[in-house]
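Data block below; observations after.
The values are calculated or read from the model by the stated rules, or taken from the named source; none is laboratory data. Please read all numbers here as calculations on a predicted model, not as lab measurements. Ideal geometry is used to build each Cβ from the backbone, glycine not excepted, and the neighbour counts take in all protein chains shown. These area figures cover heavy atoms from the full protein model, side chains too; ligands, DNA and RNA do not enter into them. Shrake-Rupley method; radii C 1.70, N 1.55, O 1.52, S 1.80 Å.
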Amino acid sequence: MKVNEYFDRLVPNYLFADVARKTGEFAAAHPEKEIIRLGIGDVTLPLAPIVVAAMKKGCEDLLYQETFKGYPEYEGYDFVREAISGYYKSFGVTVLPDEIFVSDGAKSDCGNLPDIFAQDNTILVTDPVYPVYVDANLMAGRKIIYASSGKENHFLAMPDKSVKADIIYLCSPNNPTGAAYSAEQLKVWVDYALENDALILYDAAYEAFIKDDSPRSIFSVEGARECAIELCSLSKTAGFTGTRCGYTVIPKELVRDGHSLHAMWYRRQATKFNGVSWPVQCAAAAVFSDEGLRQIRHNLDYYRRNAQVISDALDELGIYYTGGKNSPYIWLECPNGMGSWEFFDYLLENAAVVGTPGEGFGENGKGYFRLTSFGSYEKTVEAVERIKALINQR
């Protein structure tokens, strides 16, 4: 028996495993110190009441013969897909219900969509990058190239016309940098994809945080339906990190090499995925009701306020950063020329605050650091005060 040799191309440990190990070691050595975690992008507020009520009703349905549900549809129940389609319509984008696939989250689909593509496709990702885009394709033996993001372009990489790519991963608002593309910038990417017969896998997991006129969906850009698949998640939109539900949109006119990508993905899901449970899909549909959207807006505004607290502190300290405006992530330049892990250790040891070293997101993350706004307001304020005091004393 042989194992998949491409696993040797992966870094030994997943970024957040190293963060957890270092944090655990510090906690064991300093039990008297209260650690504030602004590192991992996990929500902390409870689910909206209407969502929980819908999930409870879904569970109760399973008690009775006449309402019992077994295997769900591979692509999701019609009422959920119609609710998602209506949500797109609310911000001016047309997505038909039968173009939507309900899943257990955007992370899974990001990693699984390459199943329908040939191994010899060249993958383009921006650097810094969400690790799943890279790892999923390294495991499959694909070639990966990078579009550079940095201070010079405010961490919004743009295509190089001299470079040929087949599949492009874009995330906006971006994880980890929090930067969001404008409509004009996304149009450049769409035109590049069309010119190269390439496909964009567009991760819109954080679209609900957008407050300005940045696009909420790539399908608001002309030509995107011929070259893009969009992935989204309820993890951050509605706090489903533990409940698990997301969706992927594949336009039916999207054809490559004579094959409908919509049909191919349906066939893949029918083989490898048994769908999302009835109670979770009931909860997901409730998110997109008028009352559901009102209730989840409360949580989104809470996290936005935390992001503003962090952003205001960095402005006061004169530290360069991106994000925090349309995103729960704040991506900051490490002060005093410190390295990413150096600043992680310094912050943990001297302020008992945990963030995420930018180096874990790629070469261009060296010297940068990610903070998240998913903690409590009180702890976010306290963490910011600790950071300000620490940096001001240097």
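Please give every one of the lysines within straight-line cross-link reach of K187, meaning a C-alpha to C-alpha distance under 19 Å, and leave out same-chain neighbours fewer than 8 residues apart.
K161, K164
What FRET efficiency, computed as 1/(1 + (r/R0)^6) with R0 = 41 Å and r the Cβ-Cβ distance, is obtained for K272 and Q393, rounded to the nearest 0.05?
Details: r = 54 Å, r/R0 = 1.32.
Computed FRET efficiency for K272 and Q393 comes out at 0.15.
Hey, quick one: spin label on F68, modelled 7 Å out along Cα-Cβ, who in segment 262-292 has an amide N within reach, i.e. under 19 Å?
277-280
Please find, in a Gaussian network model of the chain (springs between Cα atoms separated by less than 10 Å), the residue of D315, D197, D104 whose mean-square fluctuation is greatest.
In this elastic network of the chain, the residue with the biggest mean-square fluctuation among D315, D197, D104 is D315.
For the chain, with a Gaussian network of springs between Cα atoms less than 10 Å apart, report the residue from F117, F240, F374 with the top mean-square fluctuation.
It is F117.
Per the helix-only calculation at 222 nm, which mean residue ellipticity applies to the chain, given -39500 (n - 2.57) for every DSSP H run of n ≥ 4 and division by its residues, nearest 500 deg cm²/dmol? Walk me through the numbers before you get to the answer.
Numbers: 12 runs with 152 residues, N = 394.
Computed mean residue ellipticity for the chain: -12000 deg cm²/dmol.
Checking the cross-link filter: which lysines have an alpha carbon closer than 21 Å to that of K33, excluding same-chain neighbours under 8 positions apart?
K22, K379, K388
In square angstrom, what is the accessible area per residue of the chain with a 1.4 angstrom probe?
Numbers: 17200 Å² over 394 residues.
I get 44 Å² per residue for this part.
Using a 1.4 Å probe on the protein chains only, how many percent of the accessible area of the chain belongs to carbon and sulfur?
Working: 8850 of 17200 Å².
Carbon and sulfur together cover 51 percent of it.
Just need the relative contact order of the chain here, percent rounded to a whole number, with Cα pairs under 8 Å and 6+ apart. Provide the component values of the computation, followed by the final result.
On the way: 748 pairs, mean separation 90.7, N = 394.
Taking the mean separation of contacting Cα pairs over the length of the chain, I get 23 percent.
Please give the length that would be gained between K366 and D257 if that part of the chain were fully extended, namely 0.36 nm times their separation in residues minus their C-alpha to C-alpha distance (nm, one decimal). Provide the component values of the computation, followed by the final result.
On the way: separation 109, 0.36 × 109 = 39.24 nm, distance 3.88 nm.
That works out to 35.4 nm of additional length.
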